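K.L.:
Below is one structure. I have some questions about it.
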Amino acid sequence: NIVKMEIEKIVLETPKFETIESKFWKIPVCYDLSLGQDLQSLSQQKNLTIDDIIKLHCEPVYTVSFIGFLPGFPYLQGLNQKLITPRLSTPRLSVAKGSVAIGGSQTGIYPQQSPGGWHIIGRTPLEFFNTKKSTPCILQPMDSIQFYPISLEEFKDVR
């Protein structure tokens, strides 16, 4: 049958898609007020306690949608709806490396010191972008991330 042969030919000539191997990351975050400079205002704005914000931020497993804005900056999907917050009306001139932030319906991690307009709720001691490594960007699209809280002392120990 000619139709069957044509279909088989098309199937054989169709390029195969490689499956993307995603990784699961557990990321420590220090939510101390000294590192999460917007926690207090976010708490008031959302009518939530700081502990509620931390719990709501740590519960989901996030998906890395894409890397952008800065090399290594992960845009993470999966933020609890109670934490959705518009970006700052005026971006900061400097956000510390490792800052964990909320912008709109996403959360992200600043891989290096830079300007930024997201609400800073904590900081991770881990490094996410290093040009000296063979794979400079540790996180990749479709990776999964879950945050967990650490104390300021633990943060300082890891750094």
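Here, each number is a calculation from the coordinates, and none is a lab measurement. In this text, all values refer to a predicted model and were calculated from it rather than measured experimentally. Note that we place each Cβ from the backbone using ideal geometry, even for glycine, and neighbour counts take in every protein chain shown.
K.L.:
Considering the chain as a Gaussian network with a 10 Å cut-off on Cα pairs, which listed residue, Gly122, Gly72, Gly104, attains the greatest mean-square fluctuation?
P.N.:
Gly104
K.L.:
Mind listing the phi-derived Karplus ³J(HN,Hα) values for the range 33-42, rounded to whole Hz, using 6.51, -1.76 and 1.60 with θ = phi - 60°, and x for any glycine or proline?
P.N.:
4, 5, 10, x, 4, 9, 4, 4, 5, 5
K.L.:
I would also like to ask the following. Subtract the Cα-Cα distance of Glu13 and Lys97 from 0.36 nm times their separation in residues, and report this length gain in nm to one decimal. Numbers along the way, then the final one.
P.N.:
Numbers: separation 84, 0.36 × 84 = 30.24 nm, distance 4.70 nm.
Contour length minus the Cα-Cα distance gives 25.5 nm.
K.L.:
Could you pull out every residue, at least 5 positions away or on a different chain, whose amide H is within less than 5 Å of the one on Thr107? Hs are placed 1.01 Å off N in the peptide plane, and Pro or chain starts have none.
P.N.:
Sorted by chain and number, the residues that satisfy this are Leu76, Leu79.
K.L.:
Quick check: residue separation of Lys46 and Cys58 times 0.36 nm, minus the Cα distance between them. What number comes out in nm?
P.N.:
Numbers: separation 12, 0.36 × 12 = 4.32 nm, distance 1.67 nm.
In short, 2.7 nm is gained.
K.L.:
Still on this structure: List the relative contact order of the range 19-158 as a percent without decimals, with contacts defined as Cα pairs under 8 Å and 6+ residues apart.
P.N.:
36 percent
K.L.:
On to the next question. Hey, which of these cross-link pairs are over 28 Å Cα-Cα: Lys55/Lys132; Lys46/Lys133; Lys46/Lys97; Lys82/Lys132; Lys23/Lys133?
P.N.:
Numbers: Lys55/Lys132 35 Å; Lys46/Lys133 40 Å; Lys46/Lys97 26 Å; Lys82/Lys132 39 Å; Lys23/Lys133 18 Å.
Going by Cα-Cα distance, Lys55/Lys132; Lys46/Lys133; Lys82/Lys132 fall outside the 28 Å limit.
K.L.:
Separate question: Could you give the angle, 0 to 90 degrees to the nearest 10, between helix 2-13's Cα long axis and the longest principal axis of the Cα atoms of the chain?
P.N.:
40 degrees
K.L.:
Lys and Arg at +1, Asp and Glu at -1: add these up for the other residues within a Cβ distance under 11 Å of Ser43 and post the number. Can you show the working numbers first?
P.N.:
Working: positive: Lys46; negative: Asp38, Asp51, Asp52.
Net local charge, Ser43 excluded: -2.
K.L.:
How big is the range 19-158 by the Kirkwood estimate over distinct Cα pairs, in Å? List each step's numbers first, then the result.
P.N.:
Working: mean 1/r = 0.0666 Å⁻¹.
Result for the range 19-158, one decimal place: 15.0 Å.
K.L.:
Further, regarding this structure: Of Ile27, Ile102, Ile145, which is the most mobile in a GNM of the chain whose springs link Cα atoms less than 10 angstrom apart?
P.N.:
With Cα springs under 10 Å in the chain, the top fluctuation among Ile27, Ile102, Ile145 is at Ile27.
K.L.:
Note down the net charge around Phe155, summing +1 for each Lys or Arg and -1 for each Asp or Glu among other residues with Cβ under 14 Å from its Cβ. Walk me through the intermediate numbers first.
P.N.:
Details: positive: Lys97, Arg123, Lys156, Arg159; negative: Asp32, Glu127, Glu153, Glu154, Asp157.
Every neighbour counted, the sum reads -1.
K.L.:
I would also like to ask the following. For Cα pairs less than 8 Å apart in space and 6+ apart in sequence, what is the mean separation divided by the residue count of the range 85-159, i.e. the relative contact order in percent? Display every interim value, and only then the final one.
P.N.:
Values: 111 pairs, mean separation 19.0, N = 75.
Reported as a whole number, the value is 25 percent.
K.L.:
Work through the residues other than Ile102 whose Cβ is under 15 Å from its Cβ and net out their charges, Lys, Arg +1 and Asp, Glu -1.
P.N.:
Numbers: positive: Lys46, Lys55, Lys82, Arg87, Arg92, Arg123; negative: Asp38, Asp52, Glu59.
The answer is +3.
K.L.:
Tell me which chymotrypsin sites (Phe, Trp or Tyr not before Pro) from the range 13-75 have a DSSP coil assignment and no more than 12 other beta carbons within 10 Å of their own. Intermediate values should be presented prior to the final figure.
P.N.:
Details: sites: Phe17, Phe24, Trp25, Tyr31, Tyr62, Phe66, Phe69, Tyr75; in loops: Phe17, Tyr31, Phe69.
Listed in order of number, the matching sites are Phe17.
K.L.:
Quick one: if the Förster radius is 25 Å, what FRET efficiency do Ser105 and Lys133 give, using the C-beta to C-beta distance and rounding to 0.05?
P.N.:
Working: r = 31 Å, r/R0 = 1.22.
Rounded to the nearest 0.05, the efficiency is 0.25.
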